[in-house]
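To start, the structure itself, in structure tokens.
The values are calculated or read from the model by the stated rules, or taken from the named source; none is laboratory data. A quick note: this is a predicted structure, and the numbers were derived from the prediction, not measured. Using ideal geometry, Cβ is built from the backbone for each residue, glycine included, and neighbour counts are taken over all protein chains shown.
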Amino acid sequence: MSLRASHQQFTNILRRAKHIVVFTGAGVSAESGIPTFRDALTGLWSHFDPSQLATADAFRRDPELVWGWYEWRRMKVMRAVPNAAHEAIAVMAQWVPKLTLITQNVDDLHERAGSEAPIRLHGSLFAPRCSACQRPAVHLEGIPGEPEGGRRMAPPTCSHCGGLIRPGVVWFGEALPEAALSQSFEAARNCDVLISIGTSSLVQPAAEIPFTAAQAGATVVQVNPNPTPLDHLAHFNMRAPSAQLLPALVEETWGGN
């Protein structure tokens, strides 16, 4: 059962923390207008379930469809801007001896807000690689003028082996990157506080990270407008959008900047 501690106790815990883990999910990026997998698709993609497009099998069957969808998603990210939650997390890192940022998101909004080297559990839209030899591809350019509804697009080919370039994300049925997963659980075992922000706490094995922190004695904090399976474990449940809550929390705890 969650502890019913006062707000003052909570800010005191943050001030005393030597190592904070911030664990973010799709809800943080959604506040910047990035569609989540729970949102209905639009335009060309309206007849598809995202889970039908985010698989290796789908890419093999119809690479132009899948590549086009991911380029549409990348376009949406490029047009978005970091919100106040992204910025507050970057500021928080300046006030604690150590902050480890773990994200399930595949956009670059954390980096654009000033966070350095987040651990990426699900890869990145900005790190494409060859589907055959796995070599990283040349960084892709912007796609100005891309219609809002998206379009089919032929993927580029690898300059080394000629294979098709695929999005650098983790698809359904694929394992999470071993190094990122190991780093995440190591951080969870050694932190004082873990703050879970905007994640459904349903996707395994990432959903185990807060539980690992709690088992190691860390204070677990959840920031999410909606109930999740983490509710019963979290010492503090904060039912508010992260872009509203986090800046105020940083300001109250450390004086903001």
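Quick notes on this structure:
- Residue within the stretch 91-100 that is in a helix (DSSP H, G or I) and either of a type in the set (Phe, Trp, Tyr) or touching a strand residue (DSSP E or B) at 6+ places or on another chain (Cβ under 9 Å) (or both) present: yes
- Selection within the stretch 54-90: residues that are of a type outside the set (Gly, Ala, Ser) and not in a helix (DSSP H, G or I). The member of this set that is nearest to Val169 (Cα to Cα) is Thr55.
- Unique match (being farther than 17 Å from Ala30 by Cβ, small (Gly, Ala, Ser), assigned by TED's automatic domain parsing to the domain that holds Ala93 and touching a residue at least 12 places away in the same chain (Cβ under 8 Å)) among Ala248, Ala240, Ala207: Ala207
- Enumeration of residues in the stretch 54-70 that are over 17 Å from the mean Cα position of the chain (by Cα) and surrounded by 21 or more Cβ atoms within 10 Å (Cβ to Cβ): Phe59, Val66, Trp67, Gly68, Trp69
- Test: residue in the stretch 233-247 that is at positive phi and either at pLDDT 90 or above or not basic (Lys, Arg) (or both): no
- Look at (1) in a loop (DSSP other than H, G, I, E, B); (2) crowded, with 22+ Cβ neighbours inside 10 Å and you find that Glu174 fails only one, number (2).
- Across the stretch 230-257, the qualifying residues are those that are charged (D, E, K, R) and part of a helix (DSSP H, G or I), and the one among them that is nearest to the chain's Cα centre (by Cα) is Glu251.
- Test: Ile34 is among the β-branched types (Val, Ile, Thr), closer than 25 Å to Ala214 by Cα and touching a residue at least 60 places away in the same chain (Cβ under 8 Å): no
- Residue that is surrounded by the most Cβ atoms within 10 Å (Cβ to Cβ), among those in the stretch 186-203 that are among the small types (Gly, Ala, Ser) and assigned to a loop (DSSP other than H, G, I, E, B): Gly198
- Arg38 meets the conditions (1) modelled with pLDDT of 95 or more; (2) closer than 28 Å to Leu245 by Cβ in every case but one. The failed one is (1).
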